[in-house]
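Remarks on the structure that follows.
The values are calculated or read from the model by the stated rules, or taken from the named source; none is laboratory data. Computed from a predicted structure; not experimentally measured. Here Cβ is always computed from backbone atoms with ideal geometry, including for glycine, and neighbour counts include all displayed protein chains.
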Amino acid sequence: MDYDMLFTLMLIVIATLCIVMLAARRFQKPSEGKYETITLRECDSCGYRERRSFVKGDYVLKINGVCPKCGGTMTIMKIYVEKAEARRQKGYKQISPQ
Ligand SMILES: [Zn+2]
């Protein structure tokens, strides 16, 4: 076999590998870098806690809604960013924002 042809083939193989690796990295990024802002509400009376997606206008210590268990007032206790992947693994249920 001709050495020039062998060299060309090797270059093509290396170039293809580079493209595949770059493409694979691009595909991984969305799942790795998925973050979500979470609002944690707590009932002032019974301590019932509820997590939901952050909604514009949320802030810590804001009185936000009524407790589904005892009817007391719900206060936003925490607002934090969480990796979407980690949340799924912990098995939290998604609560739709009001
Ligand atoms: Zn309550």
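Tabulated results
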| item | result |
| --- | --- |
| Any hit, region 67-79, residues being in a loop (DSSP other than H, G, I, E, B), more than 16 Å from the ligand (Cβ to nearest atom) and under 24 Å from LYS34 (Cα atoms) | no |
| Pairs where the first residue, in region 2-29, is in the same structural domain as ALA84 (by TED's automatic domain parsing) and touching a residue at least 24 places away in the same chain (Cβ under 8 Å) and the second is of a type in the set (Ser, Thr, Tyr) and part of a helix (DSSP H, G or I), C-beta under 9 Å, 6+ apart | none |
| All positions within region 50-63 that are without any contact (Cβ under 8 Å) to a residue 24 or more places away in the chain and within 16 Å of the ligand (Cβ to nearest atom) | ILE63 |
